[in-house]
Amino acid sequence: MPSTDLPFQPALLSKTSAKQVSKQLAEIKAAMSAQLSGQSITLASNAFTTSSTVTIERKAIQDNRGLPIQGRHNNPAFVFTLLKQGDSCFLRYENKVSKVSASDEASDTSANLTALAGVTCVASAE
């Protein structure tokens, strides 16, 4: 669980081996899927290595020609942010965040924060 004494900071995955990054991304992908009620997620191999935020678009329903049904879709994207608090890493599902102000960061609830025990991250300059 997050501590209320330390602020959350945007974070990036630590630069480790490709195998270790792959394992960390698998844990992040599982956490994302859990936040989305088990929906399958596709992540790039460099997700969270250059930006603390990842945006995932919903797949549009397509007809047999591969075109979106009823033209374009207006489904909102899923947005996740990797955060560091002390030595711990967390994944925040931004679509569930409801804060009064940006300074209210420490009051995030467990409903939108997932602790990532097997993930090593570093604070980002973002």
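The values are calculated or read from the model by the stated rules, or taken from the named source; none is laboratory data. This structure is a prediction, so every number in the text was calculated from the model and none was measured. A quick note on method: Cβ atoms are made from the backbone with ideal geometry, for glycine too, and the neighbour counts reach across all protein chains shown.
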It is to be established whether one or more residues within the range 23-34 are in contact with a helix residue (DSSP H, G or I) (Cβ under 8 Å, 6 or more places away or on another chain), surrounded by 14 or more Cβ atoms within 10 Å (Cβ to Cβ) and within 23 Å of VAL122 (Cα to Cα). no
Kindly indicate the residue of the range 22-58 that is within 21 Å of ALA117 (Cβ to Cβ), aliphatic (A, V, I, L, M) and not in a helix (DSSP H, G or I) and also nearest to the chain's Cα centre (by Cα) among those meeting that condition. VAL54
In the set GLY86, GLY38, which member is at positive phi and touching a residue at least 12 places away in the same chain (Cβ under 8 Å)? GLY86
I want to confirm something. Restricting to the range 59-98 and keeping residues that are surrounded by 12 or more Cβ atoms within 10 Å (Cβ to Cβ), assigned to a loop (DSSP other than H, G, I, E, B) and out of contact with any strand residue (DSSP E or B) (no Cβ under 6 Å at 6 or more places or on another chain), which single residue is modelled with the lowest pLDDT? VAL97
Could we say that LYS19 is in a loop (DSSP other than H, G, I, E, B) and among the charged types (D, E, K, R) here? no
